[in-house]
Amino acid sequence: MVTVPSWTYKGHIVDDISDMPKGTYGFIYETKHIPSGKKYLGKKVLFFERNKRLGKRALEALKEERAKKGIKGRVPLKQKVITESDWKDYYGSHAEIKKLLEKDGPMSFTKQILSYVKSKKELTYYECKELFINEVLERDNEYINDNILGKFYRKDFLNEIN
């Protein structure tokens with residue numbers, strides 16, 4: 001088993017969902033590659049919500065259940081499945097983070113939760129707020145992030161007029 005660093009929040013270790021405030025949808029985080037000192041700001045959800053296609057047995061069982069309850073109409077072919085995300089061993093989605101993880105291993109990173117949020121919309125808002133406040137696109141020697149929302153790119157800020 002590979003040892004991975006735990007998340008921290010205000011100096012406290014967070015290694016289980018029960019360590020987070022009730023009703024947390026996700027969090028804003030900062031990972032730091034210790035050898036280079038470069039940081040990455042991002043957002044992470046705690047649960048994945050997927051539509052899973054039902055098999056023949058499950059469809060038959062659902063048809064019987066609906067018939068017993070007197071529910072008419074077409075039987076849905078998919079069912080919503082909610083599972084815990086990979087937040088515990090997550091570092092970021094950027095390709096450079098993945099390369100650094102492969103090269104130096106997980107213990108070369110620190111993982112810090114900056115804030116907890118309670119909805120999908122807040123997650124995007126507070127991530128953007130942190131990215132702009134920390135000027136991640138202008139401080140390329142400090143941050144790995146190279147875009148915000150897929151609309152604002154570091155390359156667009158390199159040739160600013162003085």
C-alpha long axis of helix 120-133 to longest principal axis of the chain, angle in °: 0
Helix-only [θ]222 nm of the chain, DSSP H runs n ≥ 4, -39500 (n - 2.57) each, per residue, nearest 500: -7500 deg cm²/dmol
Cα-only radius of gyration and Dmax that characterise the stretch 94-162, units Å: 14.2, 41
May I ask you to list the trypsin sites (Lys or Arg not before Pro) in the stretch 102-162 that are in a DSSP loop and have at most 16 other Cβ atoms within 10 Å of their Cβ? 118, 139, 151
Student exercise, the chain dipole from Lys, Arg, Asp, Glu Cβ charges, in Debye to nearest 20: 1440
Checking the stretch 31-99 for trypsin sites (Lys or Arg not before Pro) in a loop per DSSP with at most 14 other beta-carbon atoms within 10 Å yields 72, 74
Could you work out which residue, out of 81, 136, 14, moves most in a Gaussian network model of the chain, that is, has the largest mean-square fluctuation with Cα springs under 10 Å? 81
With just the Cα atoms defining each centre, how far is the stretch 1-68 from the stretch 77-124? Give it in Å. 8
Could you state the angle between the C-alpha long axis of helix 95-104 and the longest principal axis of the C-alpha atoms of the chain, as a value from 0 to 90 degrees rounded to the nearest 10? 80
Could you work out the percent of alpha carbon pairs in the stretch 69-133 separated by over 17 Å, rounded to a whole number? 66
So, relative contact order of the chain in percent, Cα under 8 Å, 6 or more apart, is 34
In a Debye calculation with equal point scatterers on the alpha-carbon sites of the chain and no solvent, what is log10 I(q)/I(0) at q = 0.13, 0.15 Å⁻¹? -0.74, -0.88
Loop-located GluC sites (Glu not before Pro) in the stretch 58-96, at most 13 other Cβ atoms within 10 Å (DSSP): none
Which is farthest toward the positive dipole end of the chain among 14, 141, 54, measuring Cα position about the Cα centre, with Cβ charges +1 (Lys, Arg) and -1 (Asp, Glu)? 54
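Taken together, the values in this text are just the output of simple stated rules run on the coordinates, not laboratory data. All values derive from a computational prediction rather than experimental measurement. No Cβ is skipped: glycine too gets one built from the backbone with ideal geometry, and neighbour counts run over all protein chains shown.
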